[in-house]
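Let me begin by handing over the structure; questions about it come next.
The values are calculated or read from the model by the stated rules, or taken from the named source; none is laboratory data. All values reported here derive from a predicted model rather than from experimental measurement. Glycine gets a Cβ as well: all are built from the backbone with ideal geometry, and neighbour counts include every protein chain shown.
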Amino acid sequence: MIDKAHDLPVVRQVQLLELSRSSVYYQPQPTSEIDLMLMRRIDELHLEHPFAGARMLRDMLKLEGHEIGRKHVGTLMKKLDIQAIYRKANTSRRNQAHRIYPYLLRGLAIERPNQVWAMDTTYIPKWTLPIRDWKAALTRFTIQFEDRMNNV
């Protein structure tokens, strides 16, 4: 595809083929013997303990005398295309003990303002108290204003 001996410069060949120049000069490094041995041992350990993740495999390898870090074990696991088997959180299924509330607006024709109200119950820890005080102050101001308007 890219001919470095061609009259056309490599930069121009890469532009014509819409490739990055770094991909032309990249020389893949072979996997070292130590990594191959570690990958073989990780694969064996994974077959014995399929629930073991990178941390547990690292600890097992350290007990055998191999000095290896968790991230390197994770990298080798990715190369081997293996991952720990464990029970994942099932957030899609509902809890049978939780009550299902009926949707009260079904079939209701909303035809005028203020016929239906909604409320957001978002909890914001730092802002809950100031907002509550602000609402109380605004409510007091509104009541006082209405009283003054009624007395006029």
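Among the residues of the stretch 71-85, is there at least one that is of a type in the set (Lys, Arg), over 30 Å from Ile2 (Cβ atoms) and modelled with pLDDT of 95 or more?
Yes: the stretch 71-85 contains one or more residues that are of a type in the set (Lys, Arg), over 30 Å from Ile2 (Cβ atoms) and modelled with pLDDT of 95 or more.
Would you please name the residue that is farthest from the chain's Cα centre (by Cα), looking only at residues in the stretch 18-37 that are modelled with pLDDT of 90 or more and assigned to a helix (DSSP H, G or I)?
Glu33
I would also like to ask the following. Which of (1) over 31 Å from the mean Cα position of the chain (by Cα); (2) in the same structural domain as Val73 (by TED's automatic domain parsing) does Val14 not meet, given it meets every other one?
(2)
Restricting the search to the stretch 38-93, which residues are surrounded by 13 or more Cβ atoms within 10 Å (Cβ to Cβ) and not in a helix (DSSP H, G or I)?
His49, Ala52, Gly53, His66, Ile68, Ile82, Gln83, Ala84
Could you grab me the full set of residues in the stretch 49-74 that are of a type outside the set (Val, Ile, Thr) and over 25 Å from the mean Cα position of the chain (by Cα)?
His49, Asp59, Met60, Leu61, Lys62, Leu63, Glu64, Gly65, His66, Glu67
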